[in-house]
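The values are calculated or read from the model by the stated rules, or taken from the named source; none is laboratory data. For clarity, every value in this text was computed on a predicted model and none was experimentally measured. We place every Cβ from the backbone using ideal geometry, glycine too, and count neighbours over all the protein chains shown.
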């Protein structure tokens, strides 16, 4: 089981800051090839040529009786400052493996790679597929969406999918994600007339227009009918004006808002609400859609993952739809999707790390899951 630490370390050494690859796909592909997988690294480019993403599809097994997919990403966010060590030179310290991407989500990829490499040495009916992208943190079309389009065209969509994103909360195995809230970003803009603050008849304050609308939406009463999800919430994330003088009102102001929403709403309904509420304010709105809320009701996958976790850790996992969103929102329309991985407490932070034992146990959990899915669950 020490291979998972070695493989995770090799992945961390690749400075794969979105959408840069830095050889990380080759590390995964070479490992899987040695285990008997067929691999295909594909390059997806945006129409304007500005964005280029490398994605990986790998498969072992030719039977279509059962096809299990593993969805994940090898890209990471920038490391930022303040690390105690080089974020791209993994170190073991006090029982932890430290490095950018250990939790999100190179550790999950390493654990499933190692579990699958061991499992495919057995005879099993079905196939295991890896769907890995180099652009999840930004989430351009050239990432998972492009890869799934290729899978649809070539008939390589799995029956069920495991997303290896970090999902545990306090200890490994205490939480399984069955879904996530949706996300939409809104830019609120106002154009006024610049002027001296002492002469209100001579100016139109764009900042006041934006702020009034933001406050109005902060007080909006969102419904909360589906209690599987946290309540829908709106949060301001940025406020900008073109003026920095304390005695001048700005003629241009913009604010960014983000809404995380449950299945009580969808993207079209939210845009309808926001546009309607903005009519009484002198503002304009622009939208960037990240995806709708999703949820997996498949009891079979839920029981398989819960059993696998308890078998290794003794923990009874809870099912949740909290947290941010994931690329599971793209594949859920094609197959049943469940999400389980390492502890998410330190993702995107300096000194990102995971317990070495958690990485080892995660590989064991994934192995038990594979065994139950293919060998002990034939009639389900």
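(1) under 27 Å from the mean Cα position of the chain (by Cα); (2) under 20 Å from residue 271 (Cβ atoms); (3) surrounded by fewer than 17 Cβ atoms within 10 Å (Cβ to Cβ): which one isn't true of residue 227, the others all being true?
Tallying (1) under 27 Å from the mean Cα position of the chain (by Cα); (2) under 20 Å from residue 271 (Cβ atoms); (3) surrounded by fewer than 17 Cβ atoms within 10 Å (Cβ to Cβ), residue 227 fails exactly one: (2).
Could you check residue 232 against (1) at pLDDT 95 or above; (2) surrounded by fewer than 16 Cβ atoms within 10 Å (Cβ to Cβ) and say which number it fails?
Only one criterion in (1) at pLDDT 95 or above; (2) surrounded by fewer than 16 Cβ atoms within 10 Å (Cβ to Cβ) is unmet by residue 232, namely (2).
Conditions (1) on the phi > 0 side of the Ramachandran plot; (2) at pLDDT below 95; (3) over 19 Å from the mean Cα position of the chain (by Cα); (4) not assigned by TED's automatic domain parsing to the domain that holds residue 221, marked per residue:
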site: 256; (1), (2), (3), (4): no, no, yes, no
site: 267; (1), (2), (3), (4): no, no, no, no
site: 275; (1), (2), (3), (4): no, no, yes, no
site: 284; (1), (2), (3), (4): no, no, yes, no
site: 287; (1), (2), (3), (4): no, no, yes, no
site: 304; (1), (2), (3), (4): no, no, yes, yes
site: 308; (1), (2), (3), (4): no, no, yes, yes
site: 311; (1), (2), (3), (4): no, no, yes, yes
site: 329; (1), (2), (3), (4): no, yes, no, yes
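What strands (runs of 3 or more DSSP E) completely inside the range 7-125 contain at least 2 residues that are assigned by TED's automatic domain parsing to the domain that holds residue 173 and surrounded by 16 or more Cβ atoms within 10 Å (Cβ to Cβ)?
On the way: elements: 38-45, 52-60, 67-73, 91-93, 96-98.
In the range 7-125, the matching strands (runs of 3 or more DSSP E) lie at 38-45, 52-60, 67-73, 96-98.
Please give the number of the condition residue 4 fails out of (1) over 25 Å from residue 127 (Cα atoms); (2) out of contact with any strand residue (DSSP E or B) (no Cβ under 7 Å at 6 or more places or on another chain); (3) surrounded by 13 or more Cβ atoms within 10 Å (Cβ to Cβ).
The single condition residue 4 does not satisfy is (1).
In the range 241-288, how many are in a loop (DSSP other than H, G, I, E, B) and surrounded by 13 or more Cβ atoms within 10 Å (Cβ to Cβ)?
Number satisfying all stated conditions: 11.
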